[in-house]
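Chemist: First, the structure itself, so that you have it in front of you.
The values are calculated or read from the model by the stated rules, or taken from the named source; none is laboratory data. Computed from a predicted model, the values in this text were never measured in an experiment. Positions of Cβ are generated from backbone atoms using ideal geometry, with glycine treated the same way; all protein chains shown enter the neighbour counts. When the accessible area is computed, the model is the full protein with side chains, heavy atoms only, and any ligands, DNA or RNA have been set aside. Shrake-Rupley method; radii C 1.70, N 1.55, O 1.52, S 1.80 Å.
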Amino acid sequence: MTLTLNRRRLLATGAAGIGLAAVPALCVSPASAAPLAGGSKRTPGTAITLDGASNSRDLGGYVTADGKCVRSGKVFRSGTLAGLTTTGTRQLAALGVKWAFDLRNDAERYLFGKGKVGTVKPWLAPVGNDTEDNPYGPPVAGQVTASVIAEFQSYVSFSSAVISVGSILRMLAIPGGQPLLFGCDSGSARSGWTAAVLMTVLGVPRAQVNSEFLLSNQTLGGQYLFTEYLDAAFAKVDEIYGDWATFVQIGLGLDAGDITALKSSLLS
């Protein structure tokens, strides 16, 4: 039998509905998930606990090509916060998160809720098809599919999606723009591409970008994500913009000052 990751089912049934409860936990304790002071570092891929949300982790700990390290406690990625409990809201606040960027589209927010994030400021930043429900087929366990490749290509070909990702990076570059969390439905595809873009702009080598992207498979309980999906999106960048630098400047809207500020705030 072919298994598929139906995103709507994930939201409707929760982690246990697709066997996530059986997946070995990678979460740190709520205490150790608090913001880290004095340049302390987490291991790359450290999961965080947000009750009511899944696939949540810190993007800190990765090393750039020039030997700098992405600071921990600054940027987090997650699945949807629509099911965040009161405990989860407190855990989010304990991380010091100021902004929660929702990568879902209007249809998803209407059907499954926006979620309550307490004092954290919500920001709508749809990636992909931002006007209707997801037109692409769900990922298939153990199989690279043309439909998901097309979805990742849409993250680049839809100008609104590029603008949304750019808004996250620009927020991170300004005073008061962090700590920040972004998330989609399962926290795997759209969150994965957003994380890949951020890490690449920071100068993290592609091998580490791929490794971070594939971590979601541990939470999803099977191999639903493949590096071929990122390959398709990066190739679409070259096709549309000609090169990465033009994509960053024209697509994401980041000038040299923004990139300097971004690296200054997120790298040590």
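Chemist: Out of everything in the stretch 206-221 that is modelled with pLDDT of 95 or more and open to solvent by 10 Å² or more (accessible area, probe 1.4 Å), what residue ends up being nearest to Cys69 (Cα to Cα)? I'd like the intermediate steps shown before the answer.
Modeler: To start, the set of residues in the stretch 206-221 that are modelled with pLDDT of 95 or more comprises 206-217.
Applying the additional criterion that residues be open to solvent by 10 Å² or more (accessible area, probe 1.4 Å) yields 206-208, 210-211, 214-215, 217.
On the way: Arg206: 15, Ala207: 15, Gln208: 12, Asn210: 17, Ser211: 16, Leu214: 20, Leu215: 19, Asn217: 24 Å.
Among them, the one singled out is Gln208.
Chemist: Since Leu254 meets every condition but one in (1) exposed (fewer than 15 other Cβ atoms within 10 Å of the Cβ); (2) assigned to a loop (DSSP other than H, G, I, E, B), which condition does it not meet?
Modeler: Tallying (1) exposed (fewer than 15 other Cβ atoms within 10 Å of the Cβ); (2) assigned to a loop (DSSP other than H, G, I, E, B), Leu254 fails exactly one: (1).
Chemist: For Arg57, work out the one condition from (1) in contact with an Asp or Glu (Cβ under 9 Å, 6 or more places away or on another chain); (2) at pLDDT 90 or above; (3) basic (Lys, Arg); (4) open to solvent by 30 Å² or more (accessible area, probe 1.4 Å) it doesn't fulfil.
Modeler: Checking Arg57 against (1) in contact with an Asp or Glu (Cβ under 9 Å, 6 or more places away or on another chain); (2) at pLDDT 90 or above; (3) basic (Lys, Arg); (4) open to solvent by 30 Å² or more (accessible area, probe 1.4 Å), the one that fails is (4).
Chemist: Does Ala82 count as crowded, with 17+ Cβ neighbours inside 10 Å, among the aliphatic types (A, V, I, L, M) and in a strand (DSSP E or B)? Before you say what the answer is, go through the steps one by one.
Modeler: Working: crowded, with 17+ Cβ neighbours inside 10 Å: yes; among the aliphatic types (A, V, I, L, M): yes; in a strand (DSSP E or B): no.
No; evaluated as a whole, the condition is false for this residue.
Chemist: Please give the number of the condition Leu5 fails out of (1) exposed (fewer than 15 other Cβ atoms within 10 Å of the Cβ); (2) at pLDDT below 50.
Modeler: Of everything listed in (1) exposed (fewer than 15 other Cβ atoms within 10 Å of the Cβ); (2) at pLDDT below 50, Leu5 misses just condition (1).
Chemist: Turning to a different aspect of this structure: Taking Thr43 as meeting all but one of (1) in contact with a Ser or Thr (Cβ under 8 Å, 6 or more places away or on another chain); (2) modelled with pLDDT under 95; (3) within 21 Å of Leu214 (Cα to Cα), write down the number of the exception.
Modeler: With (1) in contact with a Ser or Thr (Cβ under 8 Å, 6 or more places away or on another chain); (2) modelled with pLDDT under 95; (3) within 21 Å of Leu214 (Cα to Cα) applied to Thr43, the lone miss is (1).
Chemist: Filter the stretch 135-159 down to the residues that are more than 17 Å from the chain's Cα centre (by Cα) and over 22 Å from Thr219 (Cβ atoms) and list them by number.
Modeler: Residues satisfying the conditions are Pro135, Ala146, Ala150, Ser157, Phe158, Ser159.
Chemist: Got a sec? Which of Leu225, Leu215 is out of contact with any helix residue (DSSP H, G or I) (no Cβ under 8 Å at 6 or more places or on another chain), aliphatic (A, V, I, L, M) and more than 25 Å from Thr119 (Cα to Cα)? I'd like the intermediate steps shown before the answer.
Modeler: Working: Leu225 fails: out of contact with any helix residue (DSSP H, G or I) (no Cβ under 8 Å at 6 or more places or on another chain).
Result of the check over Leu225, Leu215: Leu215.
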